[in-house]
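The structure appears right after this line, and notes come after that.
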Amino acid sequence: MLTLEQIKRATATQRKRVLLLAVSCKQGGLCPGGLDLENPSNWIRIVKDDGQAGAVQGREIDFAEPLDVIEFEGKPMPQGKQRENWVILNNSCRKVESKDKSILEWAYQQYSYHGFWGNYKSYLDEYEFANVTEPSESILKVSNVRIYENESRSAKIDFDWSGARYRMKWISMTDQNFYDRIDSGDVLFDNAMIVISIPKETGIFNDDTPKAYKFVSKVFDMSTNKSTIPKFSRPLNQFKDDLPF
């Protein structure tokens, strides 16, 4: 049980300065997040003050984008596994500075978690999710990246990661910068830095089994070699996992 002092600290208004590393799509708006510049080993995710950790609108974050620095008055609003959630108070958020990709290596080194929550799958089952103690946000360096639409026209990403024995496949993606691009075909990068999250709670999906799907909220291209494979023009054996046989 929290002490009275802990409750006071948790509900007190605080001034925060955040290096945004993701401003991704979320039902009803946006899900911005990044490093707490007072303690960059920690993540801050900005959510709506609605008790449901809902999406915010662009105007609420001064229309900031990834690699912008914002300042705001806010308070923590943890929900479920997303202990990093904060709300902005008094329409106080202002964009104060912009960085370039040279800041990403520093951000990677400062942040505390670079894992995949204990498995190599695109989701956690109910038991795995219940036992998560790590942050709900991770930053990974990955290679051989493929961003594409699946047969349901959902955005997905596959990649190789040094921490896994197998290729990571079919991971959901909410980085809207790629939505138009994958309409024309798969996007390929040699190397990237990605921001990946887990939800606040499990959900019930097609097989009626509770799952928590992982999702990539930002992809930073860190390679010099990148290309697009036009749809319907790939060699048939190039991505066998896509074929129905």
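Screening the candidates 212, 107, 164, 192 for the property of being open to solvent by less than 30 Å² (accessible area, probe 1.4 Å) and part of a loop (DSSP other than H, G, I, E, B) yields one hit, 164. Applying a threshold of 6 Å to beta carbon distances and a minimum spacing of six or more residues, or different chains, the list of pairs starting in the stretch 80-100 at a residue that is closer than 30 Å to residue 133 by Cα and ending at one that is at pLDDT 95 or above and surrounded by fewer than 14 Cβ atoms within 10 Å (Cβ to Cβ) reads 80/201. Among the residues examined, residue 219 qualifies as modelled with pLDDT of 95 or more and either touching a His at 6+ places or on another chain (Cβ under 7 Å) or surrounded by 18 or more Cβ atoms within 10 Å (Cβ to Cβ) (or both). Consider the stretch 21-78 and keep the residues that are more than 25 Å from residue 192 (Cβ to Cβ) and acidic (Asp, Glu). The one that is farthest from the chain's Cα centre (by Cα) is 73.
Step by step: first the residues of the stretch 37-84, then only those that are at pLDDT 95 or above and at positive phi, then the one that is least open to solvent (accessible area, probe 1.4 Å). Which residue is that? The residue in question is 67. Assessment of the stretch 23-36 against the conditions (open to solvent by 60 Å² or more (accessible area, probe 1.4 Å), modelled with pLDDT of 95 or more and not hydroxyl-bearing (Ser, Thr, Tyr)) yields no matching residue.
The values are calculated or read from the model by the stated rules, or taken from the named source; none is laboratory data. Please read these numbers as outputs of a predicted model, since none were measured by experiment. When we count neighbours, we look across all protein chains shown, and the Cβ atoms used for this are built from the backbone with ideal geometry, even at glycine. For accessibility, only protein heavy atoms count, side chains too; no ligands or nucleic acids. Shrake-Rupley method; radii C 1.70, N 1.55, O 1.52, S 1.80 Å.
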